[in-house]
Amino acid sequence: MPLDISIGGRAGAITVPTTYVWSTDDAAIGHRAAQLTSRWVTDPFDFKVLEGVSHWIPEQVPDKLAAYILERIRSVSPAT
């Protein structure tokens, strides 16, 4: 996936509040690549870092991941 939104064209930007959960021991996605995904998001972007967790976040720390998801949901006011 290109990390520059001007290259993506077809996919376009993410236009909803987004939380990206990255882990320091992720062997598949590096810190810089994870941070650069914010270029694809036009609404509020929150970058969460889990120390000492591998790529398999849901399996290793499901409660922490669920807390981040609930935090994001609660931060967005309901549509009227």
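The values are calculated or read from the model by the stated rules, or taken from the named source; none is laboratory data. Quantities reported herein were computed from a predicted structural model and do not represent experimental measurements. Please note: Cβ atoms are built from the backbone with ideal geometry, for glycine as well, and neighbour counts cover all protein chains shown.
Screening T19 with (1) within 13 Å of the chain's Cα centre (by Cα); (2) exposed (fewer than 12 other Cβ atoms within 10 Å of the Cβ) gives one miss only, at (2).
Taken over the range 51-80, residues that are within 20 Å of I14 (Cβ to Cβ) and of a type in the set (G, A, S) amount to 3. Taking the range 32-48 as the range and being exposed (fewer than 14 other Cβ atoms within 10 Å of the Cβ) and among the acidic types (D, E) as the test, only D43 passes.
If you check L3 against the conditions, is it touching a helix residue (DSSP H, G or I) at 6+ places or on another chain (Cβ under 7 Å), surrounded by 14 or more Cβ atoms within 10 Å (Cβ to Cβ) and modelled with pLDDT under 95? Here the answer is yes, as L3 does meet what is asked. Of all the residues that make up the range 51-80, how many are under 15 Å from A27 (Cα atoms) and surrounded by 15 or more Cβ atoms within 10 Å (Cβ to Cβ)? Here the count works out to 4. Within the range 27-80, the residues that satisfy the criterion of being in a helix (DSSP H, G or I) and hydrophobic (A, V, I, L, M, F, W, C) are A33, A34, L36, W40, I57, L65, A66, A67, I69, L70, I73. Would you confirm, using the coordinates I've provided, whether K48 is without any contact (Cβ under 8 Å) to a residue 40 or more places away in the chain, of a type in the set (K, R) and over 25 Å from A13 (Cα atoms)? No; evaluated as a whole, the condition is false for this residue.
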